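Please read the structure below before turning to the comments.
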Amino acid sequence: MNSTATDATDATDATDTTDAPDVSDPTEAPDPADATAEKAAPDTPDVTDAPDVSEDVEVSRRRWPRVLGALLAVALIATGGALYAEGRQLRDTPATANLALTDAEATTRVTGDVSSALGKIFSYGPGATAATRAAAKEVLAGKALQQYAALFGQVERQSADQKLTLTTEVVRAGVTRLTAGSAHLLVFLDQVYERRGRAPTTASAQLTVVAELREGRWWIVEIGST
């Protein structure tokens with residue numbers, strides 16, 4: 001009887017051990033936390049599907065030098081145009097058109113011609129007025145010749161009556177404006193008056209003169225006092 005009971009107990013224990021799952025091995029039982037994590041975690045995008053940023057950067061690096069080159073070319077063209085316009089404007093200004101500032105030879109010539117002419121037409125003596133009148137016709141023209149002819153008649157009478165001698169010398173002459181065909185001058189004169197029986201008298205005069213270049217010679221066309 002004892003032997004039979006022992007065998008039955010052993011059989012029962014064997015049956016219980018085989019049918020019950022072994023929970024001691026964690027690899028066989030699913031972890032609830034793992035299942036929850038799988039459901040909650042979003043799908044991670046495949047890295048292979050992302051755009052290639054390095055290729056875009058390389059394209060931009062190759063494109064920038066061409067863009068900068070085009071911008072520099074446009075800037076240089078614009079700067080060159082501005083400089084050309086500015087240079088053209090400077091060349092066309094009245095200051096640079098005045099040859100008295102740039103052409104020393106022409107300035108010296110007109111100064112010499114006008115000074116010589118003034119010395120001739122404003123110098124005379126009691127018996128030499130005819131020579132002075134003839135000289136005026138060789139250096140004066142236009143308005144200046146008309147004015148001189150109208151006044152010189154009085155000068156001839158005074159010179160004959162008072163035995164007057166006038167000697168004129170240009171002490172300084174400056175060209176204020178000079179072009180290819182005209183000149184404006186400021187002239188300073190010293191004049192010596194002599195009357196018979198009296199001491200000579202010296203006086204200074206200042207004239208403005210306009211001259212024109214005609215047939216290779218400078219002619220005085222206007223004379224004014226200042």
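For the pair residue 103 and residue 116, the difference between a 0.36 nm per residue extended length and the Cα-Cα distance amounts to 2.6 nm.
Extension gain for residue 199-residue 160 works out to 12.2 nm (0.36 nm per residue, less the C-alpha to C-alpha distance). Full extension of the segment from residue 225 to residue 137, taken as 0.36 nm per residue of separation minus the current Cα-Cα distance, would add 29.6 nm. So what is the diffusion coefficient of region 126-226 in µm² per second by Stokes-Einstein at 10 °C and 1.306 mPa s, using a Kirkwood Rh over Cα pairs? In µm²/s, the coefficient rounds to 107.
None of the figures in this text is laboratory data; all of them are computed from the coordinates on show. Note that the coordinates shown come from a computational prediction; the quantities given were computed from them, not determined experimentally.
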